[in-house]
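Engineer: Sharing a structure with you now.
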Amino acid sequence: MSRVVTVGAAQLGPIQRDHTRAEVVKRLVVLMTEAANKSCDLVVFPELALTTFFPRWFEPDITKADHFYETQMPSKFTQPLFDAARSLGLAFCLGYAELTPDRHRYNTQVLVGKNGETIAKYRKIHVPGHEHHEPDRPFQHAERYYFEPSPDGFGVWNAFDGRIGMMICNDRRWPEAYRVMGLKGVEMILCGYNTPLHYAPDPTQDRLQSFHNSLVMQSGAYQNGTWVIGVAKCGLEEGVASLGESAIIAPSGEIMAQAVTTDDELVTHKCDLDWCSNYKKTLFDFDRYRRPEMYLPITTQRGVVID
Ligand code: CDT
């Protein structure tokens with residue numbers, strides 16, 4: 001029995017501050033319809049796919065930013081996505097800002113099945129950027145002010161007759177994220193991102209954004225024998241340019257399909273989950289070759305210790 005999942009990486013162009021939820025959701029439904037017409041089983045949207053990337057502004061009264069967050073999923077604004085999933089028979093993965101009833105704030109991604117029922121929710125673990133206003137930057141990256149890190153850990157869920165995991169943006173730069181999911185048998189990782197081209201703490205990295213993006217996702221895929229679906233919100237958003245290059249990456253580490261614009265663009269590929277076992281049963285046979293007793297510092301220590 002084949003385990004082919006046809007995936008659409010639904011890249012988004014910019015969402016400006018004055019774009020309404022209704023306008024954005026309409027764009028997402030257009031991409032879902034295109035994905036269904038291309039026989040996709042699953043469409044993956046970027047991180048914070050319902051609003052502009054608001055951590056670029058520092059709002060001292062955080063409650064004034066509440067309108068950027070979702071307090072319910074679905075809500076009357078996002079219900080059309082769930083209705084489209086059901087009517088098109090198409091699963092989707094969506095990133096959004098979550099404000100819980102007890103006022104915790106998370107950078108969240110949800111996986112919704114073809115029947116419109118939620119399969120899984122993931123909250124970002126590696127929250128990058130800064131906690132306080134840094135007025136010397138040309139724009140802020142105050143994710144650590146707007147979001148708490150997940151208390152939940154990485155999950156891998158049974159879906160599409162396979163093992164599906166999620167990560168969000170900065171998580172993709174950390175090998176531990178892939179490996180923890182690899183140890184849970186992950187076969188496809190869904191990852192939305194917003195990556196500004198300018199990195200204020202070290203602008204020498206600006207020219208390398210594209211290289212670093214593919215470097216981390218391709219190596220994470222290969223070293224764990226898993227598909228990785230990386231999906232950008234990109235282009236010039238409120239004056240800040242962000243990386244596109246959404247990609248569908250095979251367990252071999254090869255890029256099988258990639259976006260060529262910095263706008264709304266659907267990239268599709270038939271992903272054979274059985275390909276994962278070529279790597280999981282050979283070079284990366286964890287049970288045979290890993291030496292966890294040699295890796296203790298990874299879980300017992302956070303920063304560098306020189307002894
Ligand atoms: N959204 C997100 O996590 N972006 C970061 C930007 C670099 S840290 C300021 C990323 O890892 O792409």
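Values quoted throughout were computed directly from the atomic coordinates according to the rules given, and no laboratory measurement underlies them. In this text, all values refer to a predicted model and were calculated from it rather than measured experimentally. Counting neighbours? That spans all protein chains shown, and the Cβs are built from the backbone with ideal geometry, glycine included.
Engineer: Specify which of the listed residues (Arg163, Arg179, Arg172) is touching a residue at least 12 places away in the same chain (Cβ under 8 Å), of a type in the set (Lys, Arg), within 11 Å of the ligand (Cβ to nearest atom) and closer than 29 Å to Thr299 by Cβ.
Structural biologist: None of the others qualify; the one that does is Arg172.
Engineer: How many residues are outside any helix (DSSP H, G or I), within 15 Å of the ligand (Cβ to nearest atom) and out of contact with any Lys or Arg (no Cβ under 7 Å at 6 or more places or on another chain) if we restrict to the range 199-229?
Structural biologist: Final tally of qualifying residues: 4.
Engineer: Can you tell which of Ala232, Ala241 is assigned to a strand (DSSP E or B), within 16 Å of the ligand (Cβ to nearest atom) and over 18 Å from the mean Cα position of the chain (by Cα)?
Structural biologist: Ala241
Engineer: Let me ask something else about it. Taking Glu134 as the residue in question, decide whether it is under 19 Å from Ala65 (Cβ atoms) and within 10 Å of the ligand (Cβ to nearest atom).
Structural biologist: Here the answer is no, as Glu134 does not meet what is asked.
Engineer: Helices (runs of 4 or more DSSP H) wholly in the range 254-307 with at least 2 residues that are within 21 Å of Tyr222 (Cα to Cα) - which ones?
Structural biologist: 276-280, 286-289
Engineer: What number of residues in the range 228-262 are out of contact with any Cys (no Cβ under 7 Å at 6 or more places or on another chain) and farther than 15 Å from Ala10 by Cβ?
Structural biologist: Total satisfying the criteria: 13.
Engineer: Another question, if that's okay. Taking the condition assigned to a helix (DSSP H, G or I) and under 30 Å from Glu134 (Cβ atoms), does Asp83 pass?
Structural biologist: Spelling it out, it is not the case that Asp83 is assigned to a helix (DSSP H, G or I) and under 30 Å from Glu134 (Cβ atoms).
Engineer: Considering every residue within the range 94-110, establish whether at least one is touching a residue at least 24 places away in the same chain (Cβ under 8 Å), within 25 Å of Arg27 (Cβ to Cβ) and more than 16 Å from the ligand (Cβ to nearest atom).
Structural biologist: Within the range 94-110, one or more residues are touching a residue at least 24 places away in the same chain (Cβ under 8 Å), within 25 Å of Arg27 (Cβ to Cβ) and more than 16 Å from the ligand (Cβ to nearest atom).
Engineer: Filter the range 27-57 for residues that are part of a loop (DSSP other than H, G, I, E, B) and within 16 Å of the ligand (Cβ to nearest atom) and give the result.
Structural biologist: Residues satisfying the conditions are Phe45, Pro46, Glu47, Leu48, Ala49, Leu50, Thr51, Thr52, Phe53, Trp57.
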